[in-house]
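I have placed the structure first, in the form of structure tokens, so that the comments after it can refer back to it.
The values are calculated or read from the model by the stated rules, or taken from the named source; none is laboratory data. Model, not experiment: these values are computed from the prediction. Here the Cβ positions follow ideal geometry from the backbone for every residue, glycine too, while neighbour counts run over all protein chains shown. Side chains included, ligands, DNA and RNA excluded: accessible areas come from the protein's heavy atoms. Shrake-Rupley method; radii C 1.70, N 1.55, O 1.52, S 1.80 Å.
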Amino acid sequence: MPKPPETARGGAVQLLNAVLIERRLMAEIIASGVLQALPPGDRARAQRLAVETLRGLERVDRLLSRHLRKTPPDNVRNILRLAAYELCSGGDPHGVVNAAVNLVAGTKRGGHLKGLANAVLRKVAADGPAAYGELRVPHLPKWLRKPLQAAYGPPKVAEIERAHFQNPPVDITVKNPDKLDHWAEKLGAEVVLGGSLRLSAAGQISALPGYDSGAWWVQDAAAALPVRLLGNIAGLSALDLCAAPGGKTLQLAAAAAEVCAIDISATRLGRIEENLARTKLTAQLEVQDALEYQGADYDIILLDAPCSATGTIRRHPDLPYAKDGSEFFELIELQSGMIDHATSLLKPGGRLVFCTCSLLPDEGECQIEEALKRHPGLKIDPSAFEAGFVDSQMRSVPEGLRLRPDMLPEQGGLDGFFISILRWDGQ
């Protein structure tokens, strides 16, 4: 167990080590409290440095390889990666190099490499900033790039990779849609997809107007679409089967539905409870395995199913390094089982919203194709996709809406997402 970091750079290196050596997701690492010893500002800086280093890791490694005759130990290499990113993004050479050398000196079995670190990073400081921008946009790993190229073609995957390389904006959902324009002006935000607010430079989220009063919550514009597609749902019974992180639960409650939200994690449900209290919204919360839940006769069931999360890479560049695609088959089987179970909980005429934050058709379009074969009583509700705020390029597949990171490029892109809405005739 590494000792608590004393600086933001030290915290960033610990995050990089956990992602690149231990193959853990950054959200999991941060939730474990690895940065808790740092002041809030340093915690935020550590996360930002780690995220941005991972986003440009291919470029950083290419630059470092020009000055390394052999690869140093992983923990030292990650210090060099962080420092190289900082140098190439305008960091003060003297301060960045000295901090990196001190970090190397403090590593186990790596302290003797501080001279190497000093020499390599001074060379990067000299030629790196100019060379960094000339290198190609970082590619996705082969385990993901290959199936995406098969699905969308190499040119489209190149556009997705360019979108992943951009620092994404922050999107928020307003509790009262009638106040959308008010909060757009108050926050200096742009309206995207007809109902989400986009902030290009949000800063500290909790310090923004309207946060404490619960007037809005953070939610990617793509993730906000499934509930908005349902139209007027006031008074309808709604089940959010896999509720965390909770944005859709809040949307359902704000739309005056009678909401039951379940999740297998009590910790994640606790965060939803906190956000319900902040926004003064109401929902019934239950710690429950979605496959074992036995409530029935819902008007709406929202199934944002566990998936590869490959649609979120622009916000989570750690994902391609923490995963290797080996869980795909297990996830696809789980999604199929959840669709079958959700269908059994619908009342006749009820609607099932199936969505995944995945770019892989096997976790989206293919799931719906197979579900329609298994359940003749399920029918796609095409009217749900005719809303004026739905961009025409999202209607590229008959099974629902396919969203990709390269869409809305001039407005900052989107998370990758698949959405389908099906109606159950009770047979």
message = If the elastic network links every pair of Cα atoms under 10 Å, which of Leu401, Leu281, Leu359 fluctuates the most in the Gaussian network model of the chain?
response = Leu281
remark   = the range 10-65: Kirkwood hydrodynamic radius (Cα pairs, Å) comes out at 11.6
ask   = When the chain is modelled as a GNM with alpha-carbon springs shorter than 10 Å, which of Ala244, Ala163, Ala37 fluctuates the most?
value = Ala37
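Could you list the square roots of 5 times each eigenvalue of the Cα gyration tensor of the range 124-171, that is, the equivalent ellipsoid semi-axes, sorted largest first and rounded to whole Å?
Working from the Cα gyration tensor, I get semi-axes of 25, 15, 9 Å.
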query = So what's the convex hull volume per residue for the Cα atoms of the range 171-224, in Å³?
reply = 69
request  = Of the listed pairs Lys179/Lys248; Lys156/Lys186; Lys3/Lys323; Lys175/Lys379; Lys70/Lys323, which have alpha-carbon separations greater than 28 Å here?
outcome  = Lys156/Lys186; Lys175/Lys379
note = Expressed as a whole-number percentage, the relative contact order of the chain with C-alpha contacts under 8 angstrom and at least six residues apart is 13
request  = Compute, for Arg162, the solvent-accessible surface of its heavy atoms (probe 1.4 Å) with the complete set of protein chains present, and express it in square angstrom to the nearest 10.
outcome  = 120
query = Taking only protein heavy atoms and a 1.4 Å probe, what accessible area per residue, in Å², does the range 54-142 have with all protein chains in place?
reply = 50
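Excluding Leu250 itself, calculate the net charge of residues whose Cβ lies under 12 Å from the Cβ of Leu250, where each Lys or Arg counts +1 and each Asp or Glu counts -1.
So the environment of Leu250 carries a net charge of +2.
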inquiry  = Rounded to the nearest angstrom and ordered from largest down, what semi-axes does the equivalent ellipsoid of the chain get from its C-alpha gyration tensor (root of 5λ)?
reply    = 41, 23, 21
query = So in the chain, what percent of DSSP beta bridges are antiparallel if you round to the nearest 5?
reply = 60
query = When the accessible area of the chain is computed with all protein chains present and a 1.4 Å probe, what percentage of it is carbon and sulfur?
reply = 51
query = Over the range 376-427, with a single point scatterer placed on each C-alpha, what log10 of the ratio I(q)/I(0) does the Debye formula yield at q = 0.18, 0.23 1/Å?
reply = -0.62, -0.87
message = Heavy atoms of the protein only, probe of 1.4 Å, neighbouring chains included. What is the accessible area of Ser213 in Å², nearest 10?
response = 70
query = Given only helices, namely DSSP H runs of n ≥ 4 each adding -39500 (n - 2.57), what is the per-residue ellipticity at 222 nm of the chain, to the nearest 500 deg cm²/dmol?
reply = -13000 deg cm²/dmol
Formal net charge of residues neighbouring Leu187 (Cβ-Cβ distance under 15 Å; K, R +1; D, E -1) = -1
query = Out of the DSSP beta bridges found with both residues in the range 279-427, what percent are antiparallel (nearest 5)?
reply = 70
key: Tail fraction, Cα-Cα pairs, the range 36-183, threshold 21 Å, whole percent   = 55
